[in-house]
Each structure stands twice: as C-alpha cells, then as structure tokens.
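Following: one structure in structure tokens, then a few remarks.
Since every read-out is calculated from the coordinates, none of them should be taken as a lab result. Everything quoted here is computed from the prediction, not taken from an experiment. Positions of Cβ are generated from backbone atoms using ideal geometry, with glycine treated the same way; all protein chains shown enter the neighbour counts.
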Amino acid sequence: MANRVVIGLGEVLWDCFPESRRPGGAPANVAYHAAQLGNSGIVCS
C-alpha cells in the first residue's frame, strides 16, 4: 500500500482524565491512527 498523507481539519480538544490531560478530538484521533498504520498524519486546527 502506498504511503498516504492524511490531514485532519478541525478543532483539537483536550481529553481531561483524573490523572492527566491529553490532546484529542476527531481530527487528531484520525491523524494519530493514520500514522499508526504507516501513513503521514497531520492536524490543521
């Protein structure tokens, strides 16, 4: 499979957990998982 560039457009939110805060939101999650599959994941917020 060809290496693709996946760009997530939209807002980046903070997922707040009792022990930590992490960036999240649908565009960030899609870019993250695309990178885990060997593609390039970019977030533009």
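Working note: Karplus 6.51/-1.76/1.60 with θ = phi - 60° gives the stretch 17-34 the couplings 10, x, 9, 6, 10, 9, x, x, x, 4, x, 5, 5, 5, 5, 4, 5, 4 Hz, where Gly and Pro are set to x.
Taking all C-alpha pairs of the chain, those more than 16 Å from each other amount to 40 percent.
Highest average first, the peptides 26-37, 11-22 ordered by how many other beta carbon atoms sit within 10 Å of their residues are 26-37, 11-22.
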